[in-house]
Amino acid sequence: MKDVTRFDAIVVGSGMTGGWAAKELTERGLRTLVLEAGRPITPERDFVEHKPPWEMPFRGLGDRRTVAQRQPMQRNSVSFDEWSHVFWTDDADNPYSTPSDRPFHWFRARQVGGKSTIWSRQVYRWSDLDFEANLRDAVAIDWPIRYADIAPWYDHVERFIGVSGQAEGLSHLPDGPFLPPMALNCVEQHVRERMQEKFGRERLLTIGRVANLTTPHLGRAPCHYCGPCHRGCITRSYFSSVNATLPAARATGRLTLRPFSIVRSLVYDARTGRVTGVRMIDAKTKTERAYTARVVFLCASALESARILLNSGLGNSSGQVGRNIMDHIKGGGGSGQIDGWTDRRTIGDRPNGIYVPRFRNVTARHPDFIRGYGFQGGAGRAGWSAALRAPGIGAALKERLMQLGPWSMSFWGFGEMLPREENRATLHPTLVDAWGIPTLHIECQWSENELAIHRDMNVTAAELLEAAGATNIQPSGGPSTPGGTNHEMGTARMGRDPKTSVLNGWNQLWDVPNVFVTDGAAMTSSGNQNPSLTYMALTARACHYAVGQMKRGEL
Amino acid sequence: MWRTRCRSEPMERRELIHWLVATAGIQCLDSLAPGDLLALGRDVHAAQQPAMRALTSHAERTVSAAAQQILPGADVTAFIDKMLADWYTQGERERFLAGLPELDTRCRARAGQDFVTCAAADQVAVLTALDDEVGTANQHWFAMLKYLTVYGWCTSEAGQRALGLYPMAGRYDGCAPV
C-alpha cells in the first residue's frame, strides 16, 4: 500500500479534541491525517464494561505487581482499575519528573480515542462569569473571547455528543439543548428540596449534566445503566471519539487515522514562516518519518501539545509555552448520613451524580478567595464492599453482606485554580521517553487562593448536609495533588497580545499561523467546571475558522 | 439449576461438579439430559485447573473447608491461590502460609483431628474464636483468609447473583422498594 504523506490537515491526537478536529475538518472537505501515539481500538474487542469480576484474574483488585512496576502514577486515577488500566499509559515508557517536594499527577492515555474513553463525561458550559474573570480580578491576562463567541459552538457540540441534564435557567451555568435528565434518587430529591427551602436558588442541587444518552441519538443507543463507563461502551451510549466523532470523520472518506504514531516535533519552514508538517516516530518500528499538510492541529492534551511545541522550538516568543499549568483542586467537601428511606434502594448503576453549581463569588464577594467551586456527589446506600471486614462467620455474615447500609449523601468540591507563570513544564535536560523524545519536568503547586477554596468546600458541604438533616457529618480530606483531577490545562494560553499569550482568539499560534492548539493547553483560566466541553467547542470553532481562512487563501 | 435423581435439592452447575467429584455421584449422571451432559463435560474440564501454585494439597483442602464455614457455598480456593501466588508480596504470602496450620493445631487440641476432618461444629468454633481474637488486625493471616473468602465470594458469579448485582438491571430506578 502506498503511504500517502501529503494531506490538507494533520491532527495530532485522536482524543476529545482530536476527534472533533478530525470530524470538523473532514466534513468541511479537508483530507485529514490523524496521528495517534497509541494503539488502535476496536470496541467489540477492547471495551470491557460488561466483563464481570469473576472473569478478571484478580477480581478487580488489579495486577498489583505489574501495576507497581509499569503504572505507579497512572494507578492514582479514580478511573484506573483492572479493566481500564489498558487505557492508561505505561509510566516506565513515558517518564516525567517533578521536584521531589512538589508531586504532580500526570494521567495520560495513548490509544485511539485518548482520554475520551475514560473521562467522567460531566459537561458544563462556561459563562462570562468565567470568561471575564481574569480581567475583573486583574489576574494573568484576559480571555480573547466571551460567552457569545463560544455559545453557538457549545450548541453545535452538545447537539452532536448528546448531553442529558436539567435546564435550571442559571445565567452563570447556561443551559443547553439537553436530552431528558437522569433521575435523582429519592434522597437526592429530598436534599434538593431541603436546600431549596434553606438557600433558595443560591445553592441549587441538580442532576449532573452528562454526555450519556437518555434517548436514542444520532444512531447511538441510550444508556442501559451498567455503570463502569471508563471501561468502554459497546452500545456507544456515552460520547467518546471512538463512539462518535471518529466514525463521523471516517464516513466522509477523507480521514486517514494512523495509530502508533508519536509526533516528535513540527517541521518549520523559516522562508514562509509556517510549518510544513510534522516529524513522527513509529512507536513499533521506532523509525522516523514526516508528513506534510497545509495546517496542523495540536490536540495531544495540554501537556503533550506544550511538549511538542517546546521540542519544536516554536510558538514560544512570549515565553508562555508550558507555563500557567492549571488543574482543579478537589479533596474538599463532606458526607453525612440521611435517616429514613430504609425501604428504598436504587436499581441499576447510574453513571452520573448530582451537581451544585458554583455559588461563591457569583453575587456576594467572599472575603478569603476569588473565584469558586462546584460540588459533585450523590446519595446511596452502602452495599457489600462496606462489609468486607464485618465481624462474624457463616450464614449471619452472608446475611450481613446482603444488607444495605443507611443512606449517605456526599458532596465533592471541584475548585478553580488561578493561572500562575511559575506553575510550568519545561523540557527535561536529560530524561527521554522510550522513543528518545525529551520529556517534561513539571513544577506545579496550589496557591493560597486554591487552598482557601478547599477549606471553604468543607464548610459549605457541612452547611448543605445540615440543611438536608444529615447526621454524622464528616468533612472530606486534604487537598488533592495538583494534576490529580486530570483537568490539566493552560500551557499555551489564548490571549489578545502575542507578547503575553501563545494563541490568538482562534486558537492559532501567534508565531506560526498554520498551527492551531485546541486542547486544554489553550485555556486562559480554569473555571471550576469540568473542561472538556469547552475544549471541544473551541476545537470546532477553530476548525471552522481555519477552513474559512484556507478557502480565502490566507492559510 | 441442576437436579439429579441422587440428590433432591437443585444445585448450581459448579456446585454439582464439586458434589460429583466429592461423592460417588458420578453414577447419577444418567439422569441428566444429553445437552446438560455436554455442558457439564465442558465445565468439568474447565474445573480441572492446573495444580495450585501457592497452596499445598493439604492447605488447599484446609482453605476450602474453612471458606465453606466462613461463607457457606463460597468456592474461592482457586482465587485465594491465585492471589497468594501472583498478588501478595512474598512476606504476605509467607505470613498466610505459616499461619494456616494453626487451624489444624486448634482442631487437634479441641477434637484430635486436622481441621478438614474435624466436625463442622468444631470447625465453626475454631473459626469463631479466631474471628473474635483477630478482630480488626487486618494483617493477621486469619484476616487475610476471611477477607479473601468474603471478597472472593462477593465477586464470584454466585455472589454477584445473590447480591442482586448480576445480571444487570438494564435500567435505573432511584427509588425502588427494597
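Couple of notes before you dig in:
- Residues in the range B:111-124 that are surrounded by fewer than 17 Cβ atoms within 10 Å (Cβ to Cβ) and over 13 Å from B:Val63 (Cα atoms): 6 in all.
- Counting residues in the range A:352-360 that are within 11 Å of chain B (Cβ to nearest Cβ), modelled with pLDDT of 95 or more and more than 30 Å from the chain's Cα centre (by Cα) gives zero.
- Residue within the range A:46-55 that is part of a helix (DSSP H, G or I), of a type in the set (Phe, Trp, Tyr) and open to solvent by 20 Å² or more (accessible area, probe 1.4 Å) present: yes
- Some residue of the range A:26-35 being part of a loop (DSSP other than H, G, I, E, B) and under 13 Å from A:Gly114 (Cα atoms): no
- Matching residues, the range A:534-553, being farther than 12 Å from A:Leu30 by Cα and either part of a helix (DSSP H, G or I) or acidic (Asp, Glu) (or both): A:Thr534, A:Tyr535, A:Met536, A:Ala537, A:Leu538, A:Thr539, A:Ala540, A:Arg541, A:Ala542, A:Tyr545, A:Gln549
- Screening the candidates A:Arg254, A:Arg231, A:Arg220 for the property of being in contact (Cβ under 8 Å) with a residue 40 or more places away in the chain, more than 14 Å from chain B (Cβ to nearest Cβ) and farther than 26 Å from A:Met280 by Cα yields one hit, A:Arg220.
- For beta carbons closer than 7 Å, sequence separation of 6+ or different chains, a first residue in the range A:498-525 that is at positive phi and a second that is hydroxyl-bearing (Ser, Thr, Tyr) and open to solvent by less than 20 Å² (accessible area, probe 1.4 Å), the qualifying pairs are A:Asn507/A:Thr518.
- Restricting the range A:376-404 to residues that are of a type in the set (A, V, I, L, M), under 18 Å from A:Glu188 (Cα atoms) and open to solvent by less than 50 Å² (accessible area, probe 1.4 Å), the residue that is modelled with the highest pLDDT: A:Ala379
- Unmet requirement for A:Trp435, which otherwise passes all of (1) outside any loop (DSSP other than H, G, I, E, B); (2) at negative phi: (1)
- Filter pass, B:Gly91 being among the small types (Gly, Ala, Ser) and surrounded by 15 or more Cβ atoms within 10 Å (Cβ to Cβ): no
- Of the candidates B:Gly174, B:Gly170, the single residue that is touching a Ser or Thr at 6+ places or on another chain (Cβ under 6 Å), at pLDDT 95 or above and either facing chain A (nearest Cβ under 7 Å) or open to solvent by 20 Å² or more (accessible area, probe 1.4 Å) (or both) is B:Gly174.
- Residues in the range A:261-288 that are among the charged types (D, E, K, R) and in contact with a strand residue (DSSP E or B) (Cβ under 6 Å, 6 or more places away or on another chain) were compared, and the one that is surrounded by the fewest Cβ atoms within 10 Å (Cβ to Cβ) is A:Asp269.
- The set of residues in the range B:100-115 being assigned to a helix (DSSP H, G or I) and either of a type in the set (D, E, K, R) or over 16 Å from B:Thr128 (Cα atoms) (or both) consists of B:Glu102, B:Asp104, B:Arg106, B:Arg108, B:Arg110.
The values are calculated or read from the model by the stated rules, or taken from the named source; none is laboratory data. All figures in this text were calculated on a predicted structure; none of them were measured in a lab. Here the Cβ is made from the backbone with ideal geometry for all residues, glycine too, and neighbour counts use every protein chain on show. Side chains included, ligands, DNA and RNA excluded: accessible areas come from the protein's heavy atoms. Shrake-Rupley method; radii C 1.70, N 1.55, O 1.52, S 1.80 Å.
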